[in-house]
């Protein structure tokens, strides 16, 4: 996938993203935030924050930054921050594959429905591990493709439409884990029919 294609897709999605994808993907978001143990003054980064659906769930005693490649999606997130007076949260336009944060900046990272969206998932995860503190926590929730059967066949057929969909339909879980040398502490099926997976990763790099 190309970065410009991703930007264009999410520019189109922005006006109705919450209505279409909000409920469908909400279980995965809630499960992730349920697993995260928050401490006072935790520095948290949410990668691919989109319209900011999850932002109201971060405790006020934390400091949260949200980044996204789509200005249109972030306009919605900023409205949510202003309306809810979430003064501990800020958002900015940034490519997660080339973040401008220093090494070891964050205690926890939340990466929701992003790893199959970016053109280079390995680059994203290298950056995620770089900006996360040693032994910090990285939480990932995403669609991962099956190993066979009709669904996998359908995913492979859809792959040619990735630039129009805004995500990569064929995206194997084990390949993602192996390619990025992830220390997976726990994984859990989430959302409708368990088609998505929540990963808890320890940043031991």
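The values are calculated or read from the model by the stated rules, or taken from the named source; none is laboratory data. Bear in mind that the values here come from a model prediction, so they are computed numbers and not experimental data. Cβ sites come from the backbone with ideal geometry, for glycine too, and all protein chains shown count toward neighbours.
One table, with the values for the structure above:
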read-out	value
Condition met for residue 128 (surrounded by 14 or more Cβ atoms within 10 Å (Cβ to Cβ) and at pLDDT 95 or above)	yes
Residue in the range 19-28 that is in contact with a strand residue (DSSP E or B) (Cβ under 7 Å, 6 or more places away or on another chain) and outside any helix (DSSP H, G or I) present	no
Any hit, the range 98-109, residues being crowded, with 17+ Cβ neighbours inside 10 Å, in contact (Cβ under 8 Å) with a residue 24 or more places away in the chain, in a loop (DSSP other than H, G, I, E, B) and touching a helix residue (DSSP H, G or I) at 6+ places or on another chain (Cβ under 6 Å)	yes
Selection status of residue 104, at positive phi, modelled with pLDDT of 95 or more and touching a strand residue (DSSP E or B) at 6+ places or on another chain (Cβ under 8 Å)	yes
Lone qualifier among 64, 91, 56, 118 - being without any contact (Cβ under 8 Å) to a residue 60 or more places away in the chain and out of contact with any strand residue (DSSP E or B) (no Cβ under 8 Å at 6 or more places or on another chain)	56
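Every residue, every condition in (1) out of contact with any helix residue (DSSP H, G or I) (no Cβ under 9 Å at 6 or more places or on another chain); (2) under 24 Å from residue 7 (Cβ atoms); (3) modelled with pLDDT under 65; (4) part of a helix (DSSP H, G or I), yes or no:
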site	(1), (2), (3), (4)
142	no, yes, no, no
156	yes, no, yes, yes
160	yes, yes, yes, yes
164	no, yes, yes, yes
188	no, no, no, no
193	yes, no, no, yes
200	no, no, no, no
205	no, no, no, no
